[in-house]
């Protein structure tokens with residue numbers, strides 16, 4: 001009995017430190033190339049198949065429960081596409097190999113030791129590891145989502161009534177992202193200096209239209225030290241002044257939409273703000289596709305000829321794209337703050353890209369509240385400047401509030417272009433200068 005207790009204790013300590021066993025180069029290859037030995041399959045699910053309310057039971061095992069119910073209720077039909085490889089940039093993969101077995105979890109959630117660049121924990125998660133969920137969360141946080149920097153330029157949000165399909169409001173944005181450290185591809189490498197505030201990432205948002213909110217701007221600074229709270233500022237065009245955002249405001253509705261600031265990119269918060277639990281690995285249909293093979297929207301005209309992803313289904317709230325069978329990690333996040341407006345999120349993490357294409361959000365009572373879909377387009381079938389970047393391109397989104405029967409949709413022109421993201425753009429001084 002004493003031997004069993006000691007073994008269990010040592011096993012738990014090893015896992016908590018993130019060093020249960022030595023990770024190998026083979027583990028890294030399996031992490032980044034999960035389909036090397038074949039793509040996932042499911043009985044009765046084939047490319048070209050349209051899943052409707054009449055045949056959805058055949059696909060029940062490869063749909064999340066809420067998407068299954070939406071199809072069952074006749075809210076949407078989805079078309080199955082062929083599963084394809086979304087290989088990330090070789091420099092990111094090499095950085096993972098260069099720093100293999102160096103990274104460790106700290107004592108507290110949100111503490112990470114010795115991280116330089118790449119995928120922090122490329123090993124397959126273990127359901128018996130009490131901190132496996134936290135490791136997956138770090139892989140997302142330091143993932144190659146948008147690479148070292150990128151822009152959504154422009155970015156259309158539409159607010160829709162799910163019962164009538166009426167578009168109630170349209171806001172046109174520019175979004176910009178910049179990683180200050182852990183850079184692997186775009187100069188300077190591996191970090192931008194000077195960086196006196198110890199920043200990891202900055203996000204800058206500018207409203208272009210309509211007139212009543214034009215020049216509203218948002219700036220977020222996230223620190224390398226996850227235990228430090230983000231700094232965030234808002235410039236209100238009609239007030240012509242900058243104000244610092246209080247911590248609680250990141251969980252308020254952003255500009256009257258169905259999104260919180262914390263929802264951006266699937267999850268836009270600190271690791272330490274949540275308790276993370278790995279729930280298992282599944283094969284799920286997710287919105288991954290080639291942009292140039294979709295039936296694209298024609299109602300928004302861009303001068304460069306770019307066409308956005310279209311929407312369909314109930315209220316026009318569902319992306320009109322093909323869905324691939326993908327290997328996913330099911331990850332639950334529960335807020336540490338008991339006053340948070342949600343009780344939990346269930347993230348379906350794509351195992352190859354570590355993007356968050358599908359998230360289900362539950363209210364404080366534990367009832368289903370919101371459905372979060374973020375489309376993923378292959379960079380080699382997108383804008384010419386994105387080819388070869390190894391970035392899984394966020395290409396559209398749908399956030400549905402199923403309790404209010406309202407949704408917000410997003411149509412992207414995502415561009416991996418350092419020229420659009422000079423570091424001066426991510427300053428409070430830029431908010432004032434741009435707002436004049």
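Taken together, the values in this text are just the output of simple stated rules run on the coordinates, not laboratory data. These numbers come from a predicted model, not from an experiment. Quick reminder, even Gly has a Cβ in these numbers, built from the backbone with ideal geometry, and neighbours come from all protein chains shown.
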Anyone know which of 154, 90, 194 comes out most mobile in the 10 Å Cα GNM of the chain?
194
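In percent, how large is the relative contact order of the chain, given Cα pairs closer than 8 Å and 6 or more residues apart?
Numbers: 992 pairs, mean separation 78.5, N = 436.
Rounded, it is 18 percent for the chain.
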Rounded FRET efficiency, nearest 0.05, which uses the C-beta distance separating residue 39 from residue 236 and R0 of 45 Å
0.40
Roughly what % antiparallel, to the nearest 5, for the DSSP beta bridges in the chain?
95
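Would you work out if the range 121-229 is rounded, prolate or oblate? Take a ≥ b ≥ c from the square roots of the eigenvalues of the alpha-carbon gyration tensor; rounded if a/c is under 1.5, else prolate when a/b is larger than b/c, oblate otherwise. Working shown, then result.
Numbers: a/c = 2.52, a/b = 1.44, b/c = 1.75.
Cα axes put the range 121-229 in the oblate bin.
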Name all residues of the range 364-393 having a backbone nitrogen under 18 Å from the label point set 7 Å from the Cα of residue 417 along its Cα→Cβ direction, giving them as ranges.
379-393
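In deg cm²/dmol, rounded to 500, what helix-only [θ] at 222 nm does the chain give when every DSSP H run of at least 4 residues adds -39500 (n - 2.57) and the total is split over its residues? Write down the numbers at each step before the final one.
Numbers: 6 runs with 58 residues, N = 436.
Value at 222 nm, helices only: -4000 deg cm²/dmol.
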Of the residues 55, 179, 91, which exhibits the maximal mean-square fluctuation in a Gaussian network model of the chain defined by a 10 Å Cα contact cut-off?
55
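If I stretch the segment between residue 69 and residue 282 completely, what's the gain in nm (0.36 nm per residue apart, minus their alpha carbon distance), one decimal?
Answer, rounded to one decimal: 74.9 nm.
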Given points 7 Å out from each Cα along the Cα-Cβ axis, report the residue 427 to residue 368 separation in nanometres with one decimal.
4.9
Springs between alpha-carbon pairs under 10 angstrom, Gaussian network model over the chain: which of 197, 31, 41 fluctuates most?
197
Can you order the peptides 56-69, 131-144, 113-126 by their average number of other Cβ atoms within 10 Å per residue, highest first?
131-144, 113-126, 56-69
Candidate values (i) 22.4; (ii) 25.6; (iii) 23.2, label of the one derived for Kirkwood radius over Cα pairs in Å
(i)
Label-point separation (nm) for residue 187 and residue 253, each offset 7 Å from Cα along Cα-to-Cβ?
4.8
Once both labels are modelled 7 Å past Cα along the beta-carbon direction, what's the residue 21-residue 98 spacing in nm?
2.8
